[in-house]
Amino acid sequence: MAKRHRIKEAFKATGLRGFFSEDRQRTKLEQLGDPLVSLAKLIPWEAFRETLSTLYEKERKGTAGRKPIDVVLMFKILILQRLYNLSDDQTEYQIRDRASFQRFLGLEIDDGSPDAKTIWLFKERIKELGLERDLFFQFDAFLAEQGFAARSGQIVDATFVEVPRQRNTREENATIKAGCMPEGWEDNPHKLAQKDLDAEWTEKNDQAYFGFKSHTNVDEGFKFIRDYTTTGASVHDSRMLFDILDTETKVPAASKEALLENIKLVGRELYADSAYRSKECEEKLLGLDIPSLIHERAYKNKPLTEEQKAGNREKSKVRVRVEHVFGCQHTSMNRASFIRSIGSARACMMVGLINLGYNMLRFLQLLKAAPATG
């Protein structure tokens, strides 16, 4: 032990420690592409404090006991969780183990980390207050202030958000689908606590999915998520269209038809796949002055014409941008569309934080791509 101490002191005396100084480490990490360095520097974390402070509004009865951990620190931990898709236990471990996480959070190695239970309880408070949407739209307002307001077309699509599959019998699944509680579950609270009664089974392209569905509105120009909602996995994509559609923003009309009718301002044009096309939907969009660029669809005994196919190919060049968003969440965010939670309220909270985390990453990408000024 004494020999090790002498070696350590001798190493310090050589001045070699400066080679591993914090500034040099941070610069090197930035060069290697660590997003956490830029994330810590460029996101206005303190701006969220007022919104987050509502989590601890309950009046303290005295000065005894441990004070709550800083809300901004806890919020940054939740963003880390979603960027790397970590469980609560893994989050605690990684904060203690990874220097990059500690630097991002402003912690020293001796500070330790909030434990998994503290992280879980903080998420529960956000879920109870539905605060994830307030945080999401607060950051969206910040994006607008930075010159990233949504003014171009809007692309709507949905993706599955899977949860751990439940090993229920066919009879139990049928009972849950009917909105009832399977027999014997209420008598076993420990078993019931691990059962997700809100997640749903569905099938697409002969593949089964269990969980929820994230319905997303992405702007064409910057590829930010502008609105979202979460439902059970079996809900059809088109049912939630008008829940997330921007019907208020007006932009200069571009189509010849609109100009001929002397329509100067219209809604942001809508891109979506053929699952969203229906006569009712087209009529509603027309009434809202929102140009429809939804894909044409074939019907029985009425295939698409060559002109319609060509039109769909042109629309796909824009619509595909929403797939880039889902691809980033699946790859760069470590399969963020698989979450470890039980119940629809927690799923809504997790999806909101996933979308917020994606927007933060996208903001950094756009800043990096912007030409240097000055």
(request) Output the peptides 333-339, 352-358, 140-146 sorted from most to least packed, where packing is the average of other Cβ atoms within 10 Å over each peptide's residues. (result) 352-358, 333-339, 140-146
(request) Quantify, in whole percent, the carbon and sulfur part of the accessible surface of the chain (1.4 Å probe; protein heavy atoms only). (result) 50
(request) Give me the compactness ratio for the stretch 116-204, meaning the Cα radius of gyration over 2.2 N^0.38 Å. (result) 1.60
(message) Using a Gaussian network model on the chain with a 10 Å cutoff between Cα atoms, which of G267, G106, G221 fluctuates the most?
(response) G106
(request) Pick out the long, greasy-scoring helices in the chain: whole DSSP H runs spanning 30 Å or more along their own axis by Cα, mean Kyte-Doolittle at least -0.5. (result) 344-369
(message) List the residues, sorted by chain then number, that are 5 or more residues from D289 or on another chain and whose placed amide H is less than 5 Å from its amide H.
(response) none
(request) Would you please report the Å³ per residue occupied by the convex hull of the alpha carbon atoms in the stretch 117-267? (result) 172
(message) Sort 295-301, 198-204 by the packing proxy (mean of other Cβ within 10 Å over each peptide's residues), most packed first.
(response) 198-204, 295-301
(message) Give me the one-decimal Kirkwood hydrodynamic radius in Å for the stretch 200-242, with the sum taken over alpha-carbon pairs.
(response) 11.5
(request) Output the peptides 34-43, 172-181 sorted from most to least packed, where packing is the average of other Cβ atoms within 10 Å over each peptide's residues. (result) 34-43, 172-181
(request) Give, as a single signed number, the net charge of other residues whose beta carbon lies under 13 Å from the beta carbon of E46, with Lys and Arg counted +1 and Asp and Glu -1. (result) +1
(request) Two decimals is fine: what's Rg over Rh for the chain, C-alpha atoms, Kirkwood radius as Rh? (result) 1.04
(message) Can you give me the accessible area per residue for the chain, using a 1.4 Å probe, in Å²?
(response) 59
(message) Suppose every Lys and Arg Cβ carries +1 and every Asp and Glu Cβ carries -1, with no other charges. What dipole size does the chain come out with about its Cα centre, to the nearest 20 debye?
(response) 1460
(request) Under a 10 Å cutoff between Cα atoms, tell me which one of K191, K76, K213 has the largest fluctuation in the Gaussian network model of the chain. (result) K191
(message) I need to check one value: relative contact order of the chain, counting alpha carbon pairs closer than 8 Å and at least 6 residues apart, in percent.
(response) 20
(request) Would you mind checking the pairs K76/K284; K250/K300; K41/K195; K177/K204 and listing those with alpha carbons more than 30 angstrom apart? (result) K76/K284; K250/K300; K41/K195
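The values are calculated or read from the model by the stated rules, or taken from the named source; none is laboratory data. Here the structure is a predicted model, which means the values were calculated and not measured. Glycine also receives a Cβ, built like all others from the backbone with ideal geometry; neighbour counts cover every protein chain displayed. Keep in mind that these areas ignore ligands, DNA and RNA; they rest on the heavy atoms of the full protein, side chains included. Shrake-Rupley method; radii C 1.70, N 1.55, O 1.52, S 1.80 Å.
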